[in-house]
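**Q** Below you'll find the structure I mean.
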Amino acid sequence: MVRLAVSLDAASVRAAQELLDAFRFLIPATRLEPGCIGCSVWKEPNATVHYTEEWTTEAAMRERVQSHAFTLLLAILESVQHPRVQFHFVTATRGLDYLAEVRRPEPGL
């Protein structure tokens, strides 16, 4: 899985609302793209706007980044000073088996 995490510091509450609206416009089409697990946007009280996308594979993320639709996202990023953009590459996901492994009593205790 690959997660795109964006944080933008808006100049004002109104600017933050405009960023939220712009991201909300992109979300429905993004969610329909092959490989998209989900995406969301939210605002903190200090007018920082956060946007995330999650993709099944790096290949799906690469297709997203090369798409015309991603150009629209880049336009949003360019509208603020110092956007923070991170791509998180998750190499493994485990469930209850991990809990059992970690919490298993060590022999001799």
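The values are calculated or read from the model by the stated rules, or taken from the named source; none is laboratory data. What you are looking at is a predicted structure, and each value in this text was computed from that prediction instead of being measured. Cβ coordinates were reconstructed from backbone atoms using ideal geometry, including for glycine residues, and neighbour counts include every protein chain displayed. Side chains included, ligands, DNA and RNA excluded: accessible areas come from the protein's heavy atoms. Shrake-Rupley method; radii C 1.70, N 1.55, O 1.52, S 1.80 Å.
**Q** Of all the residues that make up the range 52-70, how many are over 15 Å from residue 38 (Cα atoms) and among the aliphatic types (A, V, I, L, M)?
**A** Counting residues in the range 52-70 that are over 15 Å from residue 38 (Cα atoms) and among the aliphatic types (A, V, I, L, M) gives 3.
**Q** Looking at the range 45-60, which of the residues that are in contact with an Asp or Glu (Cβ under 9 Å, 6 or more places away or on another chain) and β-branched (Val, Ile, Thr) is surrounded by the fewest Cβ atoms within 10 Å (Cβ to Cβ)?
**A** Kept after step one, since they are in contact with an Asp or Glu (Cβ under 9 Å, 6 or more places away or on another chain), are these residues of the range 45-60: 46-50, 55, 60.
If we keep only those that are β-branched (Val, Ile, Thr) too, we end up with 48-49.
Details: 48: 15, 49: 24.
Going through the qualifying residues, I end up with 48.
**Q** Just for the range 1-19: of the residues that are of a type in the set (Gly, Ala, Ser) and part of a helix (DSSP H, G or I), which one is surrounded by the most Cβ atoms within 10 Å (Cβ to Cβ)?
**A** The first filter runs over the range 1-19 and keeps only residues of a type in the set (Gly, Ala, Ser), leaving 5, 7, 10-12, 15-16.
From what is left, the residues that are part of a helix (DSSP H, G or I) are 15-16.
On the way: 15: 16, 16: 21.
Residue satisfying both the conditions and the ranking: 16.
**Q** Pairs, please: C-beta under 7 Å, at least 6 apart or cross-chain, first residue open to solvent by less than 60 Å² (accessible area, probe 1.4 Å) and in the range 63-79, second at pLDDT 95 or above and among the aromatic types (Phe, Trp, Tyr)?
**A** Filtered contacts from the range 63-79: 64/55; 64/70; 76/23.
**Q** Return the residue satisfying two criteria in turn: it lies in the range 20-44 and is in a helix (DSSP H, G or I) and farther than 22 Å from residue 61 by Cβ, and of such residues it is least open to solvent (accessible area, probe 1.4 Å). Quick ask: steps written out before the conclusion?
**A** Filtering the range 20-44 for residues in a helix (DSSP H, G or I) gives 20-32.
If we keep only those that are farther than 22 Å from residue 61 by Cβ as well, we get 20-21.
Working: 20: 8, 21: 78 Å².
Filtering first and then ranking leaves 20.
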